[in-house]
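A short write-up of the structure that comes next.
Nothing in this text is a laboratory measurement; each read-out follows from the coordinates by a stated rule. The shown structure was predicted, so the numbers you read here are calculated from the model rather than taken from an experiment. Note: ideal-geometry Cβ built from the backbone for every residue, glycine included; neighbour counts use all protein chains shown.
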Amino acid sequence: MDQMFSKRHLLLSYAMGGFGLAVNSMMLFLVPLRAAELGIGIGTIGLLLGTKSVMDAYASVPVGSFIDRHGARTAFVIGCGMTAVIGALYSFAGSVLMMFVLQALLGLFRPAGWVGAQTYVSGLRTGAERAHDTGRLSFVATSSQIVAPALVGATAQLWSVRAGFVTFAVYAALFASLGLLLPREDRRRPSASRGAGFRESATLLRIRGIRTVMLLTFARLWVPSVWTGFFPLLLVEGGMAKGVAGTVISTMALVGTGVSLLAGRIAKLGRLEYVTAAGLAFSAVGLAMSPLMASFPYAYFPAAMLGIGQGLSLPLLIALVGKAAPAERRGLALGLRAAVNQSAAALAPVVTGSLIVATGAAIGFPLAALMAAAALGAAVFSTRRDPEEPTRSEGG
């Protein structure tokens, strides 16, 4: 998008970030409650939640290919609009089969809204301004992730869980309307994407900068997936009240929200790849030391460390994709990143759970942190091998 931007346009663009992560957090709250009302067991609830993650990972690459052909704004409107329809249908779900179908559909369409928002904002400007823009998008995303569950939770408390799904549907519909207010991107460049994009996404991995991003993004999702999955359990088993344990987890999101606003300034401290890796290394250290700090008030310290890494890495990773990917394949590259995200989020709890069972939390957590550190080391090595990696999309 080679054009001047009004303040209104930029603010509306940043507001797109309020869709993707918030939708996930609302559904993680509502779906188990509705399933329990229907008498569905915990094991099946886990499968329900996993169904969405699997479909989300599968759909992300085709969504990126669609974005490159038809535009990020179009994908955002479709993704948000269909999510609103699916959310409304949840309020009528009366069987486990219907819940599985809706979870699969949500996994197919939600990525269009979230990847579309990332692609749109990362294509607005270039250089340091791109990191500034993605930092603002990330700030809105993480802020909404804190507020949105409280919104549907209050609705469910005052009326019913079904009413919570209606609130969810209205929320998604508002973002579809927001998308219609945004100007379309500059579509003068022909799209390089064809079909579902799986084969082309593999060719993108030939670009060293893209490989680096995927290693970094794997580490980014691996660490919080392990930490949020097992640290609260460690705290409660150690005698901490569930409500207090919840505030420890919220601390990560709160710190991340604040740090995301500083991403543009922090990005100027060095090469983006190194700054991102440093932030994520901070998170990995926080994960490794968590078993030693599983009591009040020490538990807030690793929470803050993870928040720093999470808040800094999201905007910088989006900016890195915009830097490394050809402009006509930026959507596909961001879709690939989203697929890696979901794969890491699905794999991390399974692997770490086995490690904790076999070795205990005091060893299992550091081992999980070492796996993240290995990905970060590979990313740094990749960057050092090609220090003059060209900026491929600074013109778009």
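Tell me the Kirkwood hydrodynamic radius of the range 255-396 in angstroms, computed as one over the mean inverse distance between distinct C-alpha pairs.
16.5
Starting from the Cα-Cα distance between Lys268 and Glu237, subtract it from 0.36 nm times their residue separation and give me the gain in nm to one decimal.
6.9 nm
Semi-axes of the equivalent ellipsoid of the range 197-341: what are they in whole Å, largest first, if each equals the square root of 5 times a C-alpha gyration tensor eigenvalue?
Ellipsoid half-lengths, sorted descending, are 32, 16, 11 Å.
Mind sorting Thr228, Thr203, Thr142 by how few other Cβ atoms lie within 10 Å of their own Cβ, fewest first?
Exposure proxy ranking, most exposed first: Thr203, Thr228, Thr142.
Hey, how many Å between the Cα centroid of the range 261-324 and the Cα centroid of the range 78-117?
31
Just to verify a number: FRET efficiency for Leu38 and Ala358, C-beta to C-beta distance, R0 = 45 Å, to 0.05?
Approximately 0.80, to the nearest 0.05.
What 222 nm value per residue comes from the helices of the chain, counting each DSSP H run with n ≥ 4 as -39,500 (n - 2.57) and dividing by all residues, nearest 500 deg cm²/dmol?
Result for the chain, helices only: -27500 deg cm²/dmol.
Would you please report the Å³ per residue occupied by the convex hull of the alpha carbon atoms in the range 1-138?
Convex hull of Cα atoms, per residue: 107 Å³.
Using Cα centres only, tell me the gap between the range 349-368 and the range 200-253 in whole Å.
Using only Cα atoms to place each centre, the spacing works out to 14 Å.
Viscosity 1.567 mPa s, temperature 4 °C: Stokes-Einstein D of the range 27-84 from its Kirkwood Cα radius, in µm² per second?
98
Helix hunt in the chain: which complete DSSP H runs extend at least 15 Å axially by C-alpha with mean Kyte-Doolittle at least 0.5?
Taking the DSSP H segments of the chain (at least 15 Å long, mean hydropathy at least 0.5), we get 20-37, 42-70, 72-90, 96-122, 161-181, 208-237, 242-260, 272-289, 300-324, 330-359, 361-385.
Which value in nm describes the separation of the simple spin-label points at His9 and Glu129, placed 7 Å from the Cα toward the beta carbon?
Spacing of the two 7 Å Cα→Cβ label points: 1.0 nm.
Hey, could you grab the Kirkwood Rh for the range 102-177? Inverse mean 1/r over distinct alpha carbon pairs, Å, one decimal.
It works out to 14.2 Å.
Is there a quick way to get the dipole size of the chain? I mean about its Cα centre, with the Cβ of Lys and Arg at +1 and of Asp and Glu at -1; what is the value in debye to the nearest 20?
For the chain, the charge dipole is close to 800 debye.
Which number do you get for Rg(Cα) / (2.2 N^0.38 Å) in the chain?
With N residues counted in the chain, Rg over 2.2 N^0.38 Å equals 0.94.
Consider a paramagnetic label point 7 Å from the Cα of Ile146 along Cα→Cβ; state which residues of the range 293-312 have an amide N under 18 Å from it.
Counting only backbone N, you get 300-312.
At 7 Å along the Cα-to-beta-carbon direction for both Leu370 and Ser160, put a label point, then send me their distance in nm to one decimal.
Using points 7 Å along Cα→Cβ, the separation is 5.3 nm.
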